[in-house]
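Accompanying notes for the structure given below.
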Amino acid sequence: MFGRRLLVSELRFLCDPSWRRFHSSIVSFNNNSNNIVISQLKYSHDPSNCILFRPVPQTIGKSPVHLSKRSSSSGSSSNSKSKNQKQRGRQSYRFIDQTRVRVSGGVGGNGSLSMYKIGRKHKKRPDGGHGGNGGSVVILADPNEQSLKWTQPHVIANAGSHGGNQEKHGRNGKNVILRVPCGVVVRRVLEPDEYWDFEKQQAQKLVQTYGTTSGDTYDDALNEELRAWQEERDDANKPQINDSDRRAGGYLASNDYDSDDEDDDLDFNDDNYYFNGNDDPDEDEYSYEHLPQAPDLSFTPWGEREKVEIADLNEPGSFIVVARGGRGGVGKSIFASRHGPLPPPHVLSQYAKPRNGETAMLELELKMIADIGLVGLPNAGKSSLLSAVSRASPYIAPYPFTTLNPLVGYIEYQDGFRVCAADIPGLIAGASEGRGRGHQFLRHLERTKALLYIMDAAAMDGRDPIEDFQTLLNELSAYGNGDLLNRKCLVVANKMDLLLKEERKEIIGLLQEKAVESGILMETNVLGISAGATGEGLAQLTKAIRNAVSQNKQ
Ligand SMILES: Nc1nc2c(ncn2[C@@H]2O[C@H](COP(=O)(O)OP(=O)(O)OP(=O)(O)O)[C@@H](O)[C@H]2O)c(=O)[nH]1
Ligand SMILES: [Mg+2]
């Protein structure tokens with residue numbers, strides 16, 4: 001197209017109503033013919049009357065049409081780029097559809113061990129508040145998000161604050177909400193010593209199942225200790241509390257076992273008051289042989305670890321709590337209304353300790369949720385089509401692999417009906433085996449309801465459109481279980497404006513034959529369109545897209 005006289009059809013192409021598409025066309029044009037500066041472009045609905053640009057000999061002040069990085073080399077300043085254009089630039093926009101992140105809930109706050117001294121007597125009343133709970137990490141599906149973008153590899157929620165005296169409870173830590181696009185699959189990567197409990201829907205430590213004392217959870221050990229202490233206490237001379245004492249706060253008038261008081265009834269420094277966890281005489285003889293062998297806890301690379309799918313966030317607003325915050329420590333005031341003595345100091349301090357938040361390693365994969373996916377070889381005109389039928393503004397240029405990341409746009413109908421269309425980067429032969437990042441692109445087609453095969457009928461890159469169609473069918477059938485071929489589809493021949501009437505008929509006929517032969521579920525016959533130039537056939541195509549999608553929506 002460049003370095004020679006422009007054909008009428010190409011000029012029409014320049015006069016496309018979409019301002020953004022102007023941009024790419026003009027940039028290419030400028031590259032090859034520096035002596036022409038396009039200063040004014042007018043759009044005419046009448047294709048025969050659309051050669052309305054004029055060269056300007058001199059430009060003063062701002063250059064007239066300079067829109068992209070490539071045109072800046074021919075004189076434009078980078079300041080003239082709008083923010084929107086910068087975002088569209090391939091360098092600045094990072095699309096991430098697969099990522100790993102470690103998440104941790106916040107640690108709880110300490111429980112307070114404060115004692116309130118009553119008057120001048122040696123009486124005290126526990127008044128320590130509880131520590132606040134740590135914040136949790138939540139993953140939320142947000143339709144406004146496009147990509148999985150993280151600022152940090154380890155996301156940690158806020159810690160809870162500590163409890164204080166006078167029963168002041170600590171504040172809970174703030175939750176961290178990670179916003180992700182709809183259609184994200186969350187997988188939990190298990191540690192080598194973990195397994196997934198499907199009943200409880202949480203990861204469990206393998207060592208717990210071996211019944212070893214080291215495998216007991218913190219809570220179990222603590223409860224055991226407290227239970228032992230309560231038994232001891234019940235056996236000892238239980239302090240008698242009369243009704244008036246109870247009304248006064250229960251513990252208030254009863255004995256105080258603070259270690260400062262020498263005349264306490266119970267002496268917790270006495271060994272009898274400590275729980276001896278190993279008091280079962282038969283324990284040494286107990287055999288662990290019937291239990292499975294302990295797992296190999298040596299380092300396993302992330303990629304080889306077991307992964308469990310824990311959520312599929314495909315609805316806007318759906319969320320999952322991936323790491324719960326740790327519980328805050330228990331303040332001493334909890335014992336204020338209890339009758340009888342306080343638990344021994346070591347039990348109290350254990351209670352006051354907060355728990356750590358959960359930690360999980362996650363793998364997130366974005367599978368776009370679009371109603372229809374545009375599939376084609378590079379330069380077929382997928383982005384041009386998306387930009388012509390929706391408000392999306394993909395990068396369009398006459399070289400292969402212009403689009404490197406999938407992009408969605410909404411086709412809006414007059415009655416408010418919307419179809420979400422995804423522009424998938426160009427596929428090449430061998431894509432189903434991962435060639436040209438084929439796996440990553442085909443993944444985004446998995447959830448589409450219908451497919452739109454688009455071929456470059458004008459063979460601008462020297463490829464045969466029928467062969468292109470065959471390549472697409474081969475790759476889609478070879479991907480996964482071949483399910484992609486079993487959904488509703490449309491077959492479209494693009495760039496019709498560059499063909500003569502007879503050529504158009506011939507190519508559409510051949511594509512139709514191929515489509516029927518392959519047995520794909522076509523919504524209508526093969527359609528000829530001109531997405532990037534005259535816009536012919538687009539009205540018919542959008543109707544067909546609606547039909548194909550709405551049939552699959554029930
Ligand atoms: N003449 C003509 N050119 C078109 C038409 N549609 C697209 N083009 C041109 O074809 C070239 C490639 O268009 P794109 O929309 O970027 O193609 P693509 O399929 O998105 O390409 P990749 O992103 O590389 O896979 C651009 O230069 C477009 O201007 C059309 O209907 N007629
Ligand atoms: Mg493209």
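When P354 is tested against the conditions (1) within 16 Å of ligand 2 (Cβ to nearest atom); (2) in the same structural domain as P153 (by TED's automatic domain parsing), the lone failure is (1). Screening A380, A422 for residues that are more than 8 Å from ligand 1 (Cβ to nearest atom) and either within 23 Å of L442 (Cα to Cα) or surrounded by fewer than 23 Cβ atoms within 10 Å (Cβ to Cβ) (or both) leaves exactly one candidate, A422. Taking G416 as the residue in question, decide whether it is under 22 Å from the mean Cα position of the chain (by Cα), more than 13 Å from ligand 2 (Cβ to nearest atom) and small (G, A, S). Answer is no for this residue.
Can you say whether E309 is outside any loop (DSSP other than H, G, I, E, B), in the same structural domain as Q166 (by TED's automatic domain parsing), on the phi < 0 side of the Ramachandran plot and open to solvent by 20 Å² or more (accessible area, probe 1.4 Å), as far as the supplied structure shows? Against the criterion (outside any loop (DSSP other than H, G, I, E, B), in the same structural domain as Q166 (by TED's automatic domain parsing), on the phi < 0 side of the Ramachandran plot and open to solvent by 20 Å² or more (accessible area, probe 1.4 Å)), E309 qualifies.
Look at segment 386-400: where a residue is away from ligand 1 (no atom under 11 Å from the Cβ) and a partner is polar (S, T, N, Q), sitting 6+ places away or on another chain with Cβ atoms under 9 Å, you get V389/T542; A392/S383; S393/S18; S393/N84; S393/S387. Restricting I424, I411, I428 to residues that are within 21 Å of the chain's Cα centre (by Cα) and of a type in the set (V, I, T) narrows the list to I424.
Among the numbered conditions (1) open to solvent by 10 Å² or more (accessible area, probe 1.4 Å); (2) at pLDDT 90 or above; (3) not acidic (D, E), the only one that K332 does not meet is (2).
Would you call R435 away from ligand 2 (no atom under 16 Å from the Cβ), under 27 Å from Q551 (Cα atoms) and either open to solvent by 20 Å² or more (accessible area, probe 1.4 Å) or not charged (D, E, K, R) (or both)? In short, no. With the structure loaded, tell me whether P343 is away from ligand 2 (no atom under 16 Å from the Cβ), in a loop (DSSP other than H, G, I, E, B) and at pLDDT below 90 or whether it fails that test. Yes; evaluated as a whole, the condition is true for this residue. In contact with a Ser or Thr (Cβ under 7 Å, 6 or more places away or on another chain) and open to solvent by 40 Å² or more (accessible area, probe 1.4 Å): does that describe Y410? When the stated conditions are applied, Y410 passes them. Filtered by the rule that a residue be part of a loop (DSSP other than H, G, I, E, B) and within 10 Å of ligand 1 (Cβ to nearest atom), segment 348-377 gives a lone residue, L377.
Quick one: which strands (runs of 3 or more DSSP E) sit completely within segment 113-208 and have at least 1 residues that are more than 26 Å from the chain's Cα centre (by Cα)?
Working: elements: 115-118, 123-126, 137-141, 154-156, 176-180, 184-189, 194-197, 202-205.
Ranges flagged: 115-118, 123-126, 202-205.
The values are calculated or read from the model by the stated rules, or taken from the named source; none is laboratory data. Every value quoted in this text rests on a predicted model; they were computed, and no experiment measured them. As a convention, Cβ positions derive from the backbone with ideal geometry for all residues, glycine included, and neighbour counts pool all protein chains shown. Ligands, DNA and RNA are stripped out before the accessible areas are found, and what is left, the full protein with its side chains, is counted by its heavy atoms. Shrake-Rupley method; radii C 1.70, N 1.55, O 1.52, S 1.80 Å.
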